[in-house]
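Report on the following structure.
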Amino acid sequence: MQDTGRFDTLGRLEDLPQDYRDELTANNLVPLWPSLRAVLPPHVPARKTQPTHWPYAKLRDLLLKAGELTPIEKAERRVLVLANPGHGLEKMQASAAMYLGMQLLLPGELAPAHRHTPNAIRMVVEGEGAWTLVNGEKCPMSRGDLILTPTGLWHEHGHDGNQPVIWLDVLDLPLVYYVEASYHEEVPSQTVVPGQGARAYARGGVVPTPVFGRSDKAYPMLRYPWVDARAALLSLAEDQPDLEAVQVTYVNPETGKDAENILGFYALMLRPGQTLRLPARSPAQVLHPIEGSAEVQVEGAAAFTLAEADTCAVPGYTACTLSNRSATEPAFIFVADESPLHRKLGVYENRG
Ligand SMILES: [Fe+2]
């Protein structure tokens, strides 16, 4: 007789007579108990996301090779997807909700205008002279700039420079695809309209207010120049020398909320010689040094060195420790995570 109300060993599928199982299948029915512990494991969720490191040097070589092998007309977007082996490469997922792609645009090429339901951002990795046109706003692309192409906004990429331009795409594609809401539309081209959010919202604490009116745009700022985010980190570090985590969040300057709805974006500065532990939180995260490098020790996994422009994925519910080995230079790290999604779902946790 059970007196605790707890059942340690649940029945297996094979414990059931075959004719009963066949009858369930024929009626589109499945017994829960053989799978109950798999979908609701004790204390810590099952995660397919594995700690994964994508060194930029190798990725860059293979991407430039793709530039030789596949013309833009045959690719539309010339991207190598950073696929997490834990999900299976064919799933093209970095984590449960994040997709990462490294995209190459060669001088003179154009990635034509389209829009789609998944939200995207671009983190520029190298090259000058490219631009992204987002709903008519022309956003120049320089190393470290963050450019939003949120759900439903038209966007295209062009390149007036003379060297290859490469950027990291971060999308919530796996999530939007999972909820069966992923699709795209095309438009021949966009018209450039004057006005840039990056200029209109050039300083924190003040926002454009023509005749006391506030913008009602869902995405008033589309380009977050690295020069400004970097200056904000340096200013914060100088102002608060004892602050452990020198970090800023990319936000919608009208609402103060996350810049996009599903994924969160941050920049983190490690002081020279600093070691910083990022706590075990429910969302998976992606790290990408914009300047400098960091040793990364993911809890329960082998350590690796994240060189400048490398990218790595860290599963949810997993702490990691970052160390800047340089004694003289700070390291600046771009972070993407699934926090906005987890908060909206009510499942966000920080386990310290
Ligand atoms: Fe797109």
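Tabulated results
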read-out: The range 44-115, accessible area per residue, ligands and nucleic acids excluded (1.4 Å, Å²); value: 50
read-out: Under the Karplus curve 6.51 cos²θ - 1.76 cosθ + 1.60, θ = phi - 60°, whole-Hz ³J(HN,Hα) for the range 102-110, x wherever Gly or Pro sits; value: 9, 10, 10, 10, 8, x, x, 7, 10
read-out: Surface accessible to a 1.4 Å probe, per residue, for the residues of the range 262-352, Å²; value: 34
read-out: Per residue convex hull volume, Cα atoms of the chain, in Å³; value: 204
read-out: From the C-alpha gyration tensor of the range 235-352, square roots of 5λ in Å; value: 23, 18, 13
read-out: The range 42-83 - Rg (one decimal) and Dmax (whole number), Cα, Å; value: 15.8, 50
read-out: Axial C-alpha extent at least 18 Å, average Kyte-Doolittle at least -1.0 - helices from the chain (DSSP); value: 56-69, 226-239
read-out: Compactness of the range 10-119 as Cα Rg over 2.2 N^0.38 Å, two decimals; value: 1.68
read-out: The chain: antiparallel DSSP beta bridges as a percent of all, rounded to 5; value: 100
read-out: Alpha carbon convex hull of the range 150-248, volume per residue in cubic angstrom; value: 205
read-out: Whole-angstrom gap from the range 35-96 to the range 129-182, using each part's C-alpha centre; value: 18
read-out: In the range 4-80, the chymotrypsin sites (Phe, Trp or Tyr not before Pro) that fall in loop regions by DSSP, at most 12 other Cβ within 10 Å; value: 7
read-out: Computed log₁₀ I(q)/I(0) - Debye formula, equal Cα scatterers, no solvent, the range 53-198, q 0.09, 0.11 Å⁻¹; value: -0.26, -0.40
read-out: Inter-part distance where the range 292-352 and the range 214-240 are each reduced to a Cα centre, Å; value: 21
read-out: Debye intensity ratio I(q)/I(0), log10, the range 194-269, q values 0.16, 0.20, 0.26 Å⁻¹ (C-alpha model); value: -0.64, -0.93, -1.31
read-out: Compactness relative to 2.2 N^0.38 Å, alpha carbon Rg of the range 1-40; value: 1.40
read-out: The chain, accessible surface, carbon-and-sulfur percent (1.4 angstrom probe); value: 55
read-out: Exposed GluC sites (Glu not before Pro) absent: longest stretch of the chain, with sites in DSSP loops and at most 13 other Cβ within 10 Å deemed exposed; value: 245-348
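The values are calculated or read from the model by the stated rules, or taken from the named source; none is laboratory data. Remember, it's a predicted structure, so these values are computed and weren't measured experimentally. Here the Cβ is made from the backbone with ideal geometry for all residues, glycine too, and neighbour counts use every protein chain on show. Areas reflect the complete protein model, heavy atoms only, side chains present, ligands, DNA and RNA absent. Shrake-Rupley method; radii C 1.70, N 1.55, O 1.52, S 1.80 Å.
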